[in-house]
C-alpha cells in the first residue's frame with residue numbers, strides 16, 4: 001500500500017499497517033498506534049468531458065496535457081472542488097482549460113481508475129466558443145467521432161461508451177506499459 005502519509009497528522013507518530021474491525025469486517029489500513037487516526041485512502045472524484053463542438057458538426061475536441069510525453073490526446077479532466085456539483089465542476093474545467101462554454105451536459109458513466117486511486121465521472125459536453133488552452137494543455141485537435149481512438153484505461157472507456165451509444169464501433173490503441 002503506497003501512501004504519501006508516513007506520520008500521523010494528529011500526533012506525529014509513525015503510521016503502521018494495522019487491521020481493525022470496521023463496517024463489513026476487518027480492514028488493513030495505515031493507522032496511528034497512539035491515537036488511532038486512520039488514513040482511509042478513499043478514491044478521489046475526477047471529472048471528465050467528451051467535448052462535442054456545437055458549431056463544428058458534431059466533431060470532438062481532444063487535448064494533450066503539457067506534462068504527457070508523446071502525442072497522446074485525451075479528454076478534458078479535472079478535480080471536483082468542494083461546494084460544487086459534478087455538473088458545475090466539469091463545466092468549470094471545460095471553461096478553465098479550453099475557454100469553451102458548455103451548453104448541455106449528459107452523464108456518460110462512472111469509471112474506476114484504480115491505478116490513480118480515482119473514480120471518474122464522465123460527461124458528454126456540448127460546447128461552443130473559441131478554443132484558448134490553459135497552460136496545462138500543450139495542444140488540441142478536432143476529430144470526427146469515427147476517427148478517434150480509445151485507450152484501455154480511465155477515460156478511454158468513457159469515450160468508447162459515448163461512441164458506442166452513438167452507433168460507432170470504438171477503435172482501440174494500445175498504450176505503452178507503465179513501469
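The values are calculated or read from the model by the stated rules, or taken from the named source; none is laboratory data. Note that the coordinates shown come from a computational prediction; the quantities given were computed from them, not determined experimentally. Heads up, the Cβs are rebuilt from the backbone with ideal geometry, glycines too, and the neighbour counts pull from every protein chain shown.
Yes or no: residue 90 in the same structural domain as residue 162 (by TED's automatic domain parsing), at pLDDT 95 or above and part of a strand (DSSP E or B)?
On the way: in the same structural domain as residue 162 (by TED's automatic domain parsing): yes; at pLDDT 95 or above: yes; part of a strand (DSSP E or B): no.
No.
Would you point out the residue of region 128-155, among those that are free of Cβ contacts under 8 Å to residues at least 40 places away in the same chain and at negative phi, that is surrounded by the most Cβ atoms within 10 Å (Cβ to Cβ)? Outline the logic, then answer.
Going through region 128-155, the residues free of Cβ contacts under 8 Å to residues at least 40 places away in the same chain turn out to be 129-130, 132, 134, 146-147, 149-150, 152.
Of the ones still in play, those that are also at negative phi are 130, 132, 134, 146-147, 149-150, 152.
Values: 130: 7, 132: 9, 134: 14, 146: 11, 147: 12, 149: 16, 150: 19, 152: 11.
Only one residue fits best here, namely 150.
Among the residues of region 136-154, is there at least one that is in contact with a helix residue (DSSP H, G or I) (Cβ under 8 Å, 6 or more places away or on another chain), part of a helix (DSSP H, G or I) and at pLDDT 95 or above?
Yes, the conditions are met somewhere in region 136-154.
Listed here are the residues, each with its yes/no results for (1) in contact (Cβ under 8 Å) with a residue 40 or more places away in the chain; (2) under 24 Å from residue 91 (Cα atoms); (3) within 28 Å of the chain's Cα centre (by Cα).
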site: 35; (1), (2), (3): no, no, no
site: 38; (1), (2), (3): no, no, yes
site: 43; (1), (2), (3): yes, yes, yes
site: 48; (1), (2), (3): yes, yes, yes
site: 52; (1), (2), (3): yes, yes, yes
site: 55; (1), (2), (3): yes, yes, yes
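Got a sec? Which of 90, 108 is closer than 18 Å to residue 157 by Cα and within 12 Å of the chain's Cα centre (by Cα)?
Details: 108 fails: within 12 Å of the chain's Cα centre (by Cα).
Just one listed residue meets the conditions, 90.
For region 53-67, name all the residues that are in contact with a helix residue (DSSP H, G or I) (Cβ under 8 Å, 6 or more places away or on another chain) and in a strand (DSSP E or B). If you could, list the steps in order and put the result at the bottom.
First, the residues of region 53-67 that are in contact with a helix residue (DSSP H, G or I) (Cβ under 8 Å, 6 or more places away or on another chain): 58-61, 63.
Within region 53-67, 60, 61, 63 qualify.
How many of the residues making up region 111-130 are over 17 Å from residue 158 (Cα atoms) and not in a loop (DSSP other than H, G, I, E, B)?
Selection size over region 111-130: 2.
Determine whether residue 9 is free of Cβ contacts under 8 Å to residues at least 12 places away in the same chain and over 30 Å from residue 141 (Cβ atoms). First the steps, then the outcome.
Working: free of Cβ contacts under 8 Å to residues at least 12 places away in the same chain: no; over 30 Å from residue 141 (Cβ atoms): yes.
Judged against the criteria, residue 9 is not a match.
Quick one: would you say residue 82 is assigned by TED's automatic domain parsing to the domain that holds residue 153, surrounded by fewer than 18 Cβ atoms within 10 Å (Cβ to Cβ) and within 30 Å of residue 41 (Cα to Cα)? Show your work before the answer.
On the way: assigned by TED's automatic domain parsing to the domain that holds residue 153: yes; surrounded by fewer than 18 Cβ atoms within 10 Å (Cβ to Cβ): yes; within 30 Å of residue 41 (Cα to Cα): yes.
So residue 82 passes the test.
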